[in-house]
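Take a look at the structure set out below.
The values are calculated or read from the model by the stated rules, or taken from the named source; none is laboratory data. As the structure is a computational prediction, the values presented were derived from the model and not from experiment. Here Cβ is always computed from backbone atoms with ideal geometry, including for glycine, and neighbour counts include all displayed protein chains. Note: areas computed on protein heavy atoms with side chains; ligands, DNA, RNA excluded. Shrake-Rupley method; radii C 1.70, N 1.55, O 1.52, S 1.80 Å.
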Amino acid sequence: MEFMSIAVELIVGYFALLILTKILGKTQITQISAFDFISALILGELVGNSLYDGKVSVLPILTAIFIWGSLIFFTEYFTQKSRRFRHMLEGTPALIINKGKINFDELKKNHLDLNQLQHLLRAKDIFSVRECEYALLESDGTLSVIRKPLYEIVQRQDLNIPAKTATLPLSLIVDGEIVYDNLKLAEQKEDWLLNEIKKQGYLSSEDVLYAEWEEGESLLVQGY
């Protein structure tokens, strides 16, 4: 009975958290702030602790998740409506590099050391501070940068090169299975796909690890 109780509580908690995540939206995951991080920990603890507490039934778990989820929902609502409230909870971007110079006071204020700053810059393909004109530390911990004009990435319009039409590469075979939704987007038929992979020496889709289609390009096929 104890194992059955744990299973029921775990299943109920799983679906309750899944529904709550859908209600709160994707920003809870993709743009997590300090407040969102704490919220996620609390929600996990509510379910986790209840699993090993024999006195806690399903109803208190759902009640706790509902109350905490409501608090998060209304907090997010008010942060959208009030700029001051938003800044108080989510914080504001910090100017870490200003006109090519590191702002040491902002580094200390945000508990960021130079090694961490270098790591964040490398994630933006900047391997020297001298390449960066401005750097903003966002509230979710990511870094937004503006390069110095000398180190900016050259674009087609700078060289007067005619622009190409943007295309979307589509995975047609993944792990030996045909992705029919992408095949439909590519406006191709299964017979065409099988013929194309046979031209490259594969007897069936099961022999193909990955196949990628892009308009105007030959089919990219890789076997196991």
With respect to the numbered conditions (1) assigned to a loop (DSSP other than H, G, I, E, B); (2) open to solvent by 80 Å² or more (accessible area, probe 1.4 Å); (3) at pLDDT 90 or above; (4) closer than 23 Å to Ala166 by Cα, which one is the sole condition not fulfilled by Leu203?
-> (4)
Are there any pairs, at least 6 apart or on different chains, whose C-beta atoms fall under 6 Å, with the first in region 147-159 and free of Cβ contacts under 8 Å to residues at least 24 places away in the same chain and the second surrounded by fewer than 10 Cβ atoms within 10 Å (Cβ to Cβ), and if so, which?
-> Arg156/Ala163
Per the filter on region 131-153, residues out of contact with any Phe, Trp or Tyr (no Cβ under 8 Å at 6 or more places or on another chain) and open to solvent by 90 Å² or more (accessible area, probe 1.4 Å) are Pro149, Leu150, Glu152, Ile153
By residue number, the members of region 144-192 that are more than 28 Å from the chain's Cα centre (by Cα) and under 22 Å from Glu214 (Cα atoms) are Arg156, Ile161, Pro162, Ala163, Lys164, Glu187, Gln188, Lys189, Glu190, Asp191, Trp192
